[in-house]
1. Any chance you could check the Cα centroid distance between the range 487-520 and the range 344-421 for me, in angstrom?
2. Taking a ≥ b ≥ c as the square roots of the eigenvalues of the Cα gyration tensor of the range 67-195, is the shape rounded (a/c under 1.5), prolate (a/b larger than b/c) or oblate?
3. Compute the length gained on full extension between residue 40 and residue 529: take 0.36 nm times their separation in residues and subtract their Cα-Cα distance, giving the result in nm to one decimal.
4. For residue 312 and residue 387, FRET efficiency with R0 = 45 Å and r from the beta-carbon atoms, rounded to 0.05?
5. If I model a spin label as a point 7 Å beyond the Cα along the Cα-Cβ vector, how far apart are those points for residue 111 and residue 22 in nm?
6. Cα-based Rg (one decimal) and Dmax (whole number) for the range 258-391, in Å?
7. Which FRET efficiency value, to the nearest 0.05, do you get for residue 488 and residue 90 by plugging their Cβ-Cβ distance into 1/(1 + (r/R0)^6) with R0 = 41 Å?
8. Where a ≥ b ≥ c are the square roots of the eigenvalues of the C-alpha gyration tensor, would you call the range 482-586 rounded, which needs a/c under 1.5, or, failing that, prolate if a/b is larger than b/c, or oblate?
């Protein structure tokens, strides 16, 4: 019944239509309809209705009959997931995933991915970090077998791990020192990195040849191996570090025990440097962690506040470290007499340093303005040539006891131990111009070996000029004619001999042990592509994959016991002070 007022009017509630859609408010289920829109009997326009319940209003819903519960896009159309992996087809980069397989955000399972691009899918790839272009086996691994020769105390005998070295080796690192090289003691070891991230060790047990104590930690995930004279440090892909090595308490530690900083080495390490007996790890945040012999840089507490951020690279000699910071400043620690204390040149090292070089016990910093700052012991005092080092230097080279700076005009400036290359006055005219590169012998100092360091300058015309210790290769007069042209590169032993590789693939040698290659001269007349060395011997790799050796027989100069293995297929050679290890392609 209609209600009428005393004035004869019907109830206002039945006449009000606030949104003007012709459906009175009392009957309007959608009271806020936009003006001018067509509505249904309930007063609702399409932009107020969602007939299929997919949360997309009818006016923009291109698929108005979507099944209940289906996922839809912005147009109201069903998002399909044909392989039911939880990733809709439109976003699924791997649309045919096996039912139940775990997928990534792109809808791909491990059997559909090949992250390292080696042709072997992730689910069966035992070596997931293969470099581009490497040939791999069915399990996604590359690398070769290893053949060793030389002194067994330096890693020349790998028979105890021959099975483990029969395949997949991609890199080899050596520990070891020169002092006592003439004796029978174990003084070096090798650590082979395999493409599956595992490590195999052999050689001097006390110098890292025995890694059994950490075997479970280095059986996978290792990306690179570092060493000093008595220990190894393995950097894993997760940024953690594992150490092992020297275990003779009578001679002190070499950094094999990193337990004191273990918590700091669990992640984020990107690079490791070493002195004779200590390590320094650079972390991704620019901080530095050190351990090992306190006197040789294992203890950095005195400069810890300078090493907590901003470090970009760490340099070292055998006794001290020098950290280069982002602002071009340098922080040093270690043996104060051998480069660990740079207080005398602190102002010069406060900014502008771009690179740092080292001798056995000194440092030389190259600044962006081409000047050089030095400190430490042998080569640490450059005052006699200071005016020549104020500008124009483009590179600095060193042997154990001296430095040589190459200037932009092709001239060379030298300082340090005079008898070992610091005095170049005898060849000053020859190195006043035209020098393009400098090489050195005797990069490791040994009191037993005596003087044995020299320099060899390669000139733009392919000729070579030498100076320094005569027994270390400073006198090349016996082969001067052969060195007058066409030399491409020069190699050396760590205790005093040179080998020049010429553009025709031939080799010329001179200097101390290893300097006489007459016994293999015919084999070195052509085809050599690279030369490797121990402390007292050389090994030449030829283009046909064969190897030629000479020098002290027991320190790698005699490879007759493995000559058949070295007749072909060798891809690279590694060395300790007294042994060689060759990787052979399989």
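Where a number appears in this text, it was derived from the coordinates with a stated rule and is not lab data. This one's a predicted model, so the numbers in the text were calculated from it and none came from an experiment. Because the Cβ atoms are built from the backbone with ideal geometry, glycine has one as well, and the counts that use them run over all protein chains shown.
1. The range 487-520 and the range 344-421 have Cα centres separated by 27 Å.
2. prolate
3. Gain on extension, residue 40 to residue 529, equals 167.3 nm.
4. Calculated transfer efficiency: 0.90.
5. So the label points at residue 111 and residue 22 sit 6.3 nm apart.
6. 14.3, 48
7. 0.10
8. oblate
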